[in-house]
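S.K.: One structure, as structure tokens, below. Some questions next.
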């Protein structure tokens, strides 16, 4: 097995963790107005999209409801529909800006399923290229795109604005 070297993830692993709170990091980001700092790439009425600060692949993003709920069954029909529409828009924007050959799109619901932020449901959208790292277990050669999150975020914001204006 070829090991995955992702040194930026050590910041998350060893870094300070927020004090326990009833409010998730996603809820705090949703309320903030600094989308550039937080790498928020799109906002809707019930949900928003954000780049993952500790990605498994370049362009790894998440679609998150504003309302903090732990499970997909807790979403309203409006939240569920808008989240899926935003996943679709983000996937199209990623395709136009990064030209991936495939995607992993999924939800890790519950700690044992791999959810890192258990209390706040989110959908991962991970672009994939032939020969890159596998989503969780690394099986083959690893290739990480060397593009800063701020650059990826700006490119995706532009693509999403263009898609939403059509």
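What follows draws every value from the coordinates through simple rules; no lab data is involved. Keep in mind it's a predicted model, so treat the numbers as computed, not measured. Using ideal geometry, Cβ is built from the backbone for each residue, glycine included, and neighbour counts are taken over all protein chains shown.
S.K.: Return the distance in nm (one decimal) between the two label points of a simple spin-label model at residue 54 and residue 69, each offset 7 Å from Cα along Cα→Cβ.
M.R.: That separation, rounded to one decimal, is 2.7 nm.
S.K.: Label-point separation (nm) for residue 148 and residue 78, each offset 7 Å from Cα along Cα-to-Cβ?
M.R.: The answer from the label model is 3.8 nm.
S.K.: Using 0.36 nm per residue of separation minus the Cα-Cα distance, give me the extension gain between residue 104 and residue 161 in nm, one decimal. Please report the intermediate quantities before stating the final value.
M.R.: Numbers: separation 57, 0.36 × 57 = 20.52 nm, distance 2.32 nm.
Taking 0.36 nm per residue and subtracting the Cα distance, the gain is 18.2 nm.
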